[in-house]
Every structure is written in C-alpha cells, then in structure tokens.
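Notes follow once the structure below has been shown.
The values are calculated or read from the model by the stated rules, or taken from the named source; none is laboratory data. Quantities reported herein were computed from a predicted structural model and do not represent experimental measurements. Every residue, glycine as well, gets a Cβ built from its backbone with ideal geometry; the counts of neighbours run over all protein chains shown. These area figures cover heavy atoms from the full protein model, side chains too; ligands, DNA and RNA do not enter into them. Shrake-Rupley method; radii C 1.70, N 1.55, O 1.52, S 1.80 Å.
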Amino acid sequence: MSAEVAVKAYKILESEDFRILQVIEAALENHEFAPKELIVKFSKFSSDEVDFRLDKLHKLRLIRRTLRPYLGYTLNYAGYDCLAINAFVKAEVVEAFGKPLGVGKEADVYNGLTPNGERIAIKFHRLGRISFRQTMKKRSYTSGYTHWLFRSRMSAEREFEALKLVFLKGVAAPKPISQNRHAIAMGAIDGEELAKWTEIPDSEKVLREILSNIRKAYLRAGIIHADLSEYNIILKPDLHVLFIDWPQYVTKDHPNAKQLLTRDVENIIRFFKRKRMLNADVYNAIDYVTGRSGRLFLERI
Ligand SMILES: Nc1ncnc2c1ncn2[C@@H]1O[C@H](COP(=O)(O)OP(=O)(O)OP(=O)(O)O)[C@@H](O)[C@H]1O
Ligand SMILES: [Mg+2]
C-alpha cells in the first residue's frame, strides 16, 4: 500500500487524532486489536470524543475495526505512516511531501522537502503482513516472528544503522538524516537504478567504482550489503554510483559473510557480463574487495 493515503490524510489530522493513533499503537504491543475501552481510558478523552476520532480515522483508512470478539481497532500501514510523518514534521526533518520516488512491495519511497528547502527522500518500510494470530502461534516456538509493525520498524532501524556506518566511512550511499518507527529520512538522489540504463557509458569506470565501494564498505565499515544487484545501485547523471536499500546488511563476522559477499560481487559481475560490457574474474574481484589484492583486473567483451 502506498504512502499516498497517509501523505494526504496527514494534513487533516489534529493533535487529538494523533493521540488516538498513538494509544492504539501502544496497545498493539500486547493486543491484536486495541479494545475501545482501553482507547478511552488511555487517551483520557470522553467516550464521545473517542468515537468521533475513531470514526474520522476509520474513514481516512488509517485504522481497521473489528467487532468480534470485542470492539477494537488496529493500525493500517497508513496510520503508522502518519505517526512517523508527524514525528518527522515535529522534529523539523521534513516540511512537505512531494512525488513518490519508488513504490514497491517492501518499501515506499517519497520525495520530501526540509524546512530549509533541501530535497530529501523518506522511505517507509513495509514488511509482509503475517497475521497477529499466526505471529502469536509462531512466537511460542520461535522468536523470529513479530507483528508487521515491529518488523517494519526493525527493518528501518537496521537500514538507518547501516547507512550511518557506511556513510561515515565514505561509501557511496544516501546521507542518513533521521529514523522514526518504520521510516527513514535520507538524502535524495537523482538517477536511475543501474538495471534501467540501456547503455552505460564508460562501463569500466562504473564497475570499478562499484567494486571499490564494496571494498570500502567491507574494509572500512566492516559490513556487507548482502542484497546488492543492479536494482539497488543508482547510477547518477554524473555517472557516479550510490548503493541503496541496506536493511539486510551483515557485519563481516557474520557466519554467512563470505557467501553473502560472494553473491553481491557475482550479481554485479553477472550484470556487466550479461550486458556484454565487461568480464571480471570473481576470485580476483573477491580478493580485491576483501583487501587480499590491491589490483582489479577487468576485461572488455
Ligand atoms: N535516497 C533515495 N533517493 C531517491 N530515490 C530513492 C532513494 N532511495 C530509494 N529510492 C528509489 O526507491 C526505490 C526503492 O527503494 P529501495 O530499493 O530502498 O526499496 P526496496 O525495499 O527495494 O523496495 P521495493 O519493494 O520497491 O523494491 C529505489 O529503486 C529508488 O528508485
Ligand atoms: Mg531495492
């Protein structure tokens, strides 16, 4: 679901509406649906006021209602989006929203403007909806499953962590600005995913820059992207690259680090090979990105 609903709804929400959304959010820590009674109690509003607010939020599709086994409410993605947007606006991270930059299964990325008129990107993480009942069942024997809301938040936290680590070390990645709930604010970049470029001018320079950034992330920040491909690399109009989409990063001491690093490198080399641009030896490339070799050999096709 697109963040469009939230971006529109946000403008007509009042502080009382946010209060209700927050109370529902807090109740979801231990309820599948926040009972109406609980909302009244914790919001400290009158029952009539709460009814009015719930009705408004429901019409705006920010919350979902159930009647059984009791009258209760849960947040929709859009409701959760509104809470994150409100936090960013209050913190003066963002002032206005613009066009969507990318809408997909796992994330919605929006253009935003800071109060200083700087362009930024806001990414809302969307992790698959496992129903809460399923969640509770699975929770009893594995700890890996949690509500979509917490999983989405965790994903944003991880991505923000990764961006801070790599950006500080000079890896080509968007500038991390802020994180709240399942959303991160970062520097906006111009350009297209590598996959969308039909022709890549000076492909050797581009491939060298990509591998040199994998190397920097590994040697200086000690991390591996672990989902690197032509879809998560932006080639800017100035022909420099930026790596995006970091939530699944691992550190170099992760048990699968070697495999994940190899897969990242292979994905990239395969792309350049398939496009009949360049050939590279995966072993040499791995030695290069891990610092065992200072030299990278590329072959034109
Ligand atoms: N900082 C940014 N500046 C500009 N555009 C961005 C930025 N970050 C992401 N995008 C755009 O949004 C798209 C999706 O971002 P990202 O790859 O981080 O999410 P995803 O989890 O892969 O989402 P999806 O489910 O859509 O594949 C990118 O392909 C890119 O076009
Ligand atoms: Mg992606």
With +1 on each Lys and Arg Cβ and -1 on each Asp and Glu Cβ, how big is the dipole of the range 188-301 about its Cα centre, in debye rounded to the nearest 20?
400
Formal net charge of residues neighbouring LYS252 (Cβ-Cβ distance under 14 Å; K, R +1; D, E -1)
+4
Please compute the net charge surrounding GLU204, taking Lys and Arg as +1 and Asp and Glu as -1 over other residues with Cβ under 15 Å from its Cβ.
+2
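With 27 Å as the limit, write out which pairs from LYS99/LYS252; LYS164/LYS275; LYS44/LYS164; LYS164/LYS258; LYS123/LYS216 have Cα-Cα distances beyond it, or answer none.
Distance filter (> 27 Å) returns LYS99/LYS252; LYS164/LYS275; LYS44/LYS164.
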Average accessible surface area per residue within the range 192-300, 1.4 Å rolling probe, Å²
50
Need the list of aspartates and glutamates near LYS196 for cross-linking: C-alpha distance under 15 angstrom, and skip anything on the same chain fewer than eight residues off.
GLU230
Cα-centre dipole for the chain with unit charges at Cβ (Lys and Arg positive, Asp and Glu negative), debye to 20
760
Chain lengthening between LYS11 and ARG274 when straightened (0.36 nm per residue, less Cα-Cα):
90.0 nm
How much of the accessible area of the chain, probe 1.4 Å, is carbon plus sulfur, in whole percent?
50
Hey, what's the Cα Rg ratio for the range 192-300 versus the globular rule of thumb, 2.2 N^0.38 Å?
0.99
Kindly provide the GluC sites (Glu not before Pro) of the range 50-127 that DSSP labels as loop, not H, G, I, E or B, and whose Cβ sees at most 11 other Cβ atoms within 10 Å.
GLU92
Which chymotrypsin sites (Phe, Trp or Tyr not before Pro) in the range 8-115 pass both tests, a DSSP loop state and at most 14 other beta-carbon atoms within 10 Å?
TYR70
Roughly speaking, what is the centre-to-centre gap between the range 253-295 and the range 167-208 when only Cα atoms are used, to the nearest Å?
19
